[in-house]
Amino acid sequence: MSAPTASIPTVPFREMLRLRRQADRVAMLLDVPRRHGPIARLRIWGGLIHAHVVTDPGLAHAVLVEHADAFMKGLGLSYFMRPLLGNGLLSNEGDPHRKQRRMMAPAFMPKRLADYATTIAERSEAAQRAMPDGARVDASAAMMRLTLEIVGATLFGAEVGAEADEVHAALTAAMDQLGRTLRAVVPIPPTWPTPGNRRGRAAVARLDKIVYGLIEARRRSPVERNDFLSMLLAARDEEGGRMDDRQVRDEAMTIFLAGHETTANALAWTFYLLAKNPAARDRLEAELDAHLGGRTPALADLAKLPYALTVFKEAMRLYPPAFVVARRALRDVEVGGHLVRKGELVIVNIIGMHRSPALFPDPERFDPTRFAAEAERAIPKNAFLPFGAGPRVCIGNHFALMEGHLALATLAQRVRLDQPPGAPDVEMDPVVTLRPRGGVPLVVRRRPVEAPAP
Ligand code: HEM
């Protein structure tokens, strides 16, 4: 390793105080690069831990891609989320991670998407039908329900129907506990017998009962199915070995969790931005009317709905569901001429890059045309990272883009969602993902869409 020379500025203590208030954490992620540059050091937990905030495409590439093997996940995933996710892909490390990633890859290949697209469109149609004209909806809760249904059906097939409500309740309870833990200035370890941890463990036990039940039923059932669970059970490594039930449970739980809240937030923010930007919404509706004319969209339609995709991507630029990704250095490592020592954290500041004026001109403006074909090619490499990068890039990225695109097209064709008069701006709530604080209250206007001629 050549001697790294560049020194890293330290964020002063008075600025660090903002970390205590959840509401200020995003503002801080936006401020740190403006005040201190592309890499800055935070001393957290009384200086016990050093974290480097990296807000630069080249440095992000160095951490996530070039020196990926010098890092493991941050404490949130590797420690606090273990009881829920076990050794699933999101929290696994090293060789076991590489092996699992290879085994899981076929289930996420673009050619498998057709199997999932019909489910996504059907569930999205049901969601829009449940929105009567004039009703007030919380787009955040509605999108959470929708994406949970979609991931439940694509993961477990129809069987989960009866247990869906229980899964939802248990998963919400487990995530709420996790949220409380991670919101605290000094998080309490999940093994301590606090009332909150007990509630969290009870929720995980309820989830386990359901998931193991589904695995057992499926192992006994001879019928071939096109869902994730079948693929997890059928997956083989190079030696022909398969996953044991515990690993299948961990992977299923991981897909369940990673696969719904992120997409739900992206869609909720999308509808919020469309409500605030009527010109973009008009253009989206015109595209949907011209191409679909009332038909339920299918996978093959998406290529004809390019503007809808740019809307979804631009929403993820302004409100990236995974607003940071964190890593811990396994050894001393040089990152773009800066020394990161073994044990130190690196926070790749995705929202900071997405809202940087150097990378996205007039960054606060909602402008989907940034992602139109030509313009998108001009975006600096690794500046737009909603799915991360490198060997741990989101394995569900094609699925998520297709899901967001298809759900948006299906819903926006039938309903127009407006902010109630005088409604305040929705603030960001950075917990595990970037949630809208207090939800996204919107009013439904049904759109008169001509049914296609028979
Ligand atoms: C808009 C939606 C989504 C966003 C923004 C998102 C974002 C991300 C990001 C940033 C990572 C990397 C985390 C890191 O490097 O620390 C990741 C990993 C992952 N995501 Fe997604 N994701 C989305 C949807 C999905 C979906 C739909 C699924 C599954 C159906 C999924 C499954 C996973 C899994 C399993 C990993 C771990 C991959 C690994 O470490 O090998 N995600 N996601």
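The values are calculated or read from the model by the stated rules, or taken from the named source; none is laboratory data. Fair warning: this is a prediction, and the values are worked out from it, not measured in the lab. Quick reminder, even Gly has a Cβ in these numbers, built from the backbone with ideal geometry, and neighbours come from all protein chains shown. Surface accessibility is based on the protein's heavy atoms, side chains included, excluding ligands, DNA and RNA. Shrake-Rupley method; radii C 1.70, N 1.55, O 1.52, S 1.80 Å.
Below is a table of values for the structure above.
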| quantity | calculated |
| --- | --- |
| Contacts under 6 angstrom Cβ, first residue in segment 102-113 being touching a residue at least 12 places away in the same chain (Cβ under 8 Å), partner within 11 Å of the ligand (Cβ to nearest atom) and in a helix (DSSP H, G or I), 6 or more apart | ALA107/PHE228; PRO110/HIS398; LEU113/MET402 |
| Where a residue in segment 116-145 is over 23 Å from THR172 (Cβ atoms) and its partner, wherever it lies, is modelled with pLDDT of 95 or more and assigned to a loop (DSSP other than H, G, I, E, B), with Cβ under 8 Å and at least six apart | ALA117/ALA298; THR118/ALA298; ALA121/THR296; ALA121/PRO297; ALA121/ALA298; GLU122/THR296; GLU125/THR296 |
| Filter pass, VAL311 being closer than 19 Å to ALA409 by Cβ and not hydroxyl-bearing (Ser, Thr, Tyr) | yes |
| Options ARG445, ARG437; residue that is among the charged types (D, E, K, R) and either at pLDDT 95 or above or on the phi > 0 side of the Ramachandran plot (or both) | ARG445 |
| Where a residue in segment 388-406 is farther than 17 Å from ASN349 by Cβ and its partner, wherever it lies, is among the aliphatic types (A, V, I, L, M) and open to solvent by 30 Å² or more (accessible area, probe 1.4 Å), with Cβ under 6 Å and at least six apart | HIS405/LEU309 |
| Selection within segment 44-73 - in contact with a strand residue (DSSP E or B) (Cβ under 7 Å, 6 or more places away or on another chain), surrounded by fewer than 21 Cβ atoms within 10 Å (Cβ to Cβ) and part of a helix (DSSP H, G or I) | ALA70 |
| Qualifying residue in segment 231-243 (condition: small (Gly, Ala, Ser), buried (at least 17 other Cβ atoms within 10 Å of the Cβ), in contact with a helix residue (DSSP H, G or I) (Cβ under 6 Å, 6 or more places away or on another chain) and part of a helix (DSSP H, G or I)) | no |
| Condition check for LEU411: within 14 Å of the ligand (Cβ to nearest atom) and crowded, with 21+ Cβ neighbours inside 10 Å | no |
| Qualifying residue in segment 415-425 (condition: in a helix (DSSP H, G or I) and open to solvent by 40 Å² or more (accessible area, probe 1.4 Å)) | no |
| Residue tally, condition small (Gly, Ala, Ser), more than 13 Å from LEU64 (Cα to Cα) and either more than 9 Å from the ligand (Cβ to nearest atom) or open to solvent by 20 Å² or more (accessible area, probe 1.4 Å) (or both), over segment 388-408 | 1 |
| First in segment 314-331 and more than 18 Å from TRP269 (Cβ to Cβ) and open to solvent by less than 10 Å² (accessible area, probe 1.4 Å), second anywhere and modelled with pLDDT of 95 or more and near the ligand (Cβ under 10 Å from one of its atoms), Cβ under 7 Å, 6 or more apart | ALA329/PHE71 |
| Subset tally (residues that are farther than 25 Å from ILE347 by Cβ and within 16 Å of the ligand (Cβ to nearest atom)) for segment 369-387 | 1 |
| Count of residues meeting criterion [crowded, with 16+ Cβ neighbours inside 10 Å, assigned to a helix (DSSP H, G or I) and touching a residue at least 40 places away in the same chain (Cβ under 8 Å)] in segment 23-43 | 6 |
| Residue in segment 263-281 that is more than 16 Å from the ligand (Cβ to nearest atom), farther than 30 Å from TYR307 by Cβ and in contact (Cβ under 8 Å) with a residue 12 or more places away in the chain present | no |
| Segment 203-214 residues that are under 15 Å from LEU155 (Cα atoms), paired with ones that are not hydroxyl-bearing (Ser, Thr, Tyr) (beta carbon under 6 Å, 6 or more apart) | LEU207/ALA170; ILE210/GLU163; ILE210/VAL167; VAL211/ARG249; VAL211/ALA252; LEU214/PHE156 |
